[in-house]
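Engineer: If you scroll down you'll find the structure; I have some questions about it.
The values are calculated or read from the model by the stated rules, or taken from the named source; none is laboratory data. Note that the coordinates shown come from a computational prediction; the quantities given were computed from them, not determined experimentally. Backbone-built Cβ (ideal geometry, glycine too); neighbour counts: all protein chains shown.
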Amino acid sequence: MIKEDLSNLQECFPEHFTQTEKEKCKTLFYKKLSLISHAYYHGKMQTVPKVPLPGFNWFNVWYTPGVSSVSTTIRDDNQASYSLSNRHNLVAVVSDSTRVLGDGDCTPPGGLGVMEGKAFLMKYLGGVDAVALCMDSRDAQGVHSADKIIEFVKMVQPSFGAINLEDISHPNCYRVLDELRESCDIPVWHDDAQGTACVTLAGVLNALKLAGKKLSDCKIVLYGAGAANTSIARLMITDGADPKKMIVFSSKGTLHSGREDYRTDPKFYRQWELCGITNPRHVLTEEEAFKGADVVVAASKPGPGTIKPEWIRSMADKSIVFACANPVPEIYPSEAKEAGAYIVATGRGDFPNQVNNSVCFPAILKGALLVHAKAISDGMAIAAAHSIAAYAEQRGISEDNIIPKMTETAMFPKVAADVAAQAQAEGLARHPLSWDEVYRMAKEDIEQSRAIADMLTKQQAIPPIRQEWLQEALDWAVAQMEK
C-alpha cells in the first residue's frame, strides 16, 4: 500500500523496472494523481475570512456603513491601503499561460493549475496571500501582446502589494518584466526569471563549495537562452562569474558577437546583451562547449535525451549538472551520474537536489512586502541566494543535499529578513524594519498559515486524501510503462 505522504513510492514500482524506468513511472504517477486530486478538490485555493463575526451588527463594521471611513481614509492617503486592507500581504500571480511548464501555450485558463499552485506555496511557505489571475494577452490580430500584459498589470496594481509574473513566453517576458519594474509602484517579480536564477545560484554556490571550486574560475555552460537562463547568467555574472568563461546555447546555437539574428531583432535584447560578453571564442557545438566545463545549467526543452551522456563525460573533474526542465529533466540524474557528474540537480522534488523556485519566492516576496518595497532588485535576489546557501551550509550539505527543501520551515523567515535588509540598503523600502522585526513577523505569519491549514485538515473541513486515488494513479502509471 502506498503511504499517504508518498514516502514509499519508489518501493511500489515493479522490481524488474530499471532505475530510469522507475523515474519515468514516477512522472506518470504524479501527473495522473494530480489530475484525480484536482478534480476532487476543484482546485487548491479558497478565500477564508481573517476577522471574527461575534454578531450580526458586525456586518455594519466589516461592510457598510462603517467601512466608508476606510474608503475615504485610503482615498486621502493611498499608503493607508497597506494598513487598512490586506494589500500589504497580497500578491497577484499574473500569467497569459503561453509557456506553462514544458507544455507551451495552454490557453489562458490552462495556467490556473500552476498559478493556484504558486498561491498555495506562497501561503503555506511564506505566509503570503495570493490570487491567480490568468489573462488573455492576444491583440486584435490574435497575436500575444506584451502591451496587453503590461496594461493589465498597471490596471490591477492598486489592489496588490506585489505582482508575480509567471509562465509568459519569450520574448514578451523580458519586455513585460523590464517595463513593469520601471513603471509600477509595487514590486514586480518574474519567478521564471529572477526566481529560477536565485535558487539556481544558491545551489551552484553550495555545489562549488563541495567541489572545491570558485565561481569566478569556472567554465560554465548554460543550455537554453530563455527567461530562466538569461537571468541566471546575469545573476551569476553580477555575483562574480567570468562571462568570458561562459557559453550560452539558444535553440538556434550558441550566443556570440556574430549572431546577427539577435543583433537586428529588438525583441531579443536580453540574448544580444549576452552575445556581447560571453563566448569570445565563438564556440559552436555542444561537444566543444561541454569539454572541460565545470558547471552546466540546463533550462531548455524537457527530456530525456536533450543532454547527451557523452557530453557530460567530457566535462571537468567533479562536474556539476543542473538539468532543470519540467516536468522531465533534460537528462535523468541516474544517467548523468553514470556519465561522471559529481553533483546533479533537477527541478523535481522526487530526485535529490531539487532546484525549485518555491525555496526562494515565498520568502523573497514576504521580505519585500513587509518593508513595502518599491521593487525587487537583482541585489535582493542575490542576497536571497546567499541566504539560502548559507542556511543549507550551516545545517550541513552533501553531494545529494546541496540546497534546502520546502519542508525546512526555519529557512523562510531568515531569507525574508535578509531580503528586507537588502531592500533597505538599496533604498527600496518604504516601511523600514529591523532584521529581527522582519524575522519575527515573517515567522509568525508562516506559522499561522500552517496552523490554519493543519486545523482545517484535522477537522476535515479539508477532506482527506483517499487511498484509492494513489492506487489508481500507480496502476495507471505502471500499465503505461508496460505497454
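For (1) more than 15 Å from Leu370 (Cβ to Cβ); (2) at pLDDT below 95; (3) among the charged types (D, E, K, R), each residue gets a yes or a no:
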position: Gln422; (1), (2), (3): no, no, no
position: Glu426; (1), (2), (3): yes, no, yes
position: Tyr439; (1), (2), (3): no, no, no
position: Glu444; (1), (2), (3): no, no, yes
position: Gln448; (1), (2), (3): no, no, no
position: Glu468; (1), (2), (3): yes, no, yes
position: Leu474; (1), (2), (3): yes, no, no
position: Val478; (1), (2), (3): yes, no, no
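Engineer: Among the numbered criteria (1) in contact with a Pro (Cβ under 8 Å, 6 or more places away or on another chain); (2) on the phi > 0 side of the Ramachandran plot; (3) outside the structural domain of Asp136 (by TED's automatic domain parsing), which single criterion is violated by Leu6?
Structural biologist: Evaluating Leu6 over (1) in contact with a Pro (Cβ under 8 Å, 6 or more places away or on another chain); (2) on the phi > 0 side of the Ramachandran plot; (3) outside the structural domain of Asp136 (by TED's automatic domain parsing) leaves (1) as the failure.
Engineer: May I pose another question? Taking Leu90 as the residue in question, decide whether it is under 28 Å from His431 (Cβ atoms), aliphatic (A, V, I, L, M) and in contact with a strand residue (DSSP E or B) (Cβ under 9 Å, 6 or more places away or on another chain). Before you say what the answer is, go through the steps one by one.
Structural biologist: Numbers: under 28 Å from His431 (Cβ atoms): yes; aliphatic (A, V, I, L, M): yes; in contact with a strand residue (DSSP E or B) (Cβ under 9 Å, 6 or more places away or on another chain): yes.
When the stated conditions are applied, Leu90 passes them.
Engineer: Assuming Arg348 fulfils every condition listed in (1) more than 30 Å from His88 (Cα to Cα); (2) modelled with pLDDT of 95 or more; (3) crowded, with 24+ Cβ neighbours inside 10 Å apart from one, which condition is it?
Structural biologist: All conditions pass for Arg348, except number (2).
Engineer: What are the residue pairs meeting all of these: first residue in region 267-281, first residue farther than 10 Å from Ile237 by Cβ, second residue of a type outside the set (Ser, Thr, Tyr) and assigned to a helix (DSSP H, G or I), Cβ atoms under 6 Å, and 6 or more apart or on different chains?
Structural biologist: Every condition considered, the pairs that remain are Trp272/Arg263; Pro280/Lys244.
Engineer: Hey, could you check region 417-445 for residues that are in a helix (DSSP H, G or I) and in contact with a Leu (Cβ under 7 Å, 6 or more places away or on another chain) and say which is surrounded by the fewest Cβ atoms within 10 Å (Cβ to Cβ)?
Structural biologist: Restricting to residues being in a helix (DSSP H, G or I) and in contact with a Leu (Cβ under 7 Å, 6 or more places away or on another chain), the top hit is Met441.
Engineer: When the residues of region 309-340 are filtered to those that are under 26 Å from the mean Cα position of the chain (by Cα) and surrounded by fewer than 21 Cβ atoms within 10 Å (Cβ to Cβ), which remaining residue is farthest from Glu21 (Cα to Cα)?
Structural biologist: Asn326
Engineer: For region 36-49, indicate whether the set of residues that are more than 33 Å from the chain's Cα centre (by Cα), outside the structural domain of Ser137 (by TED's automatic domain parsing) and not in a helix (DSSP H, G or I) is non-empty. Give the derivation first.
Structural biologist: So in region 36-49, the residues more than 33 Å from the chain's Cα centre (by Cα) come out as none.
No, because not a single residue in region 36-49 is more than 33 Å from the chain's Cα centre (by Cα), outside the structural domain of Ser137 (by TED's automatic domain parsing) and not in a helix (DSSP H, G or I).
Engineer: Here's something else I'd like to know. May I ask you to list the residues in region 350-372 that are among the hydrophobic types (A, V, I, L, M, F, W, C) and not in a helix (DSSP H, G or I)?
Structural biologist: Phe351, Val355, Cys360, Val371
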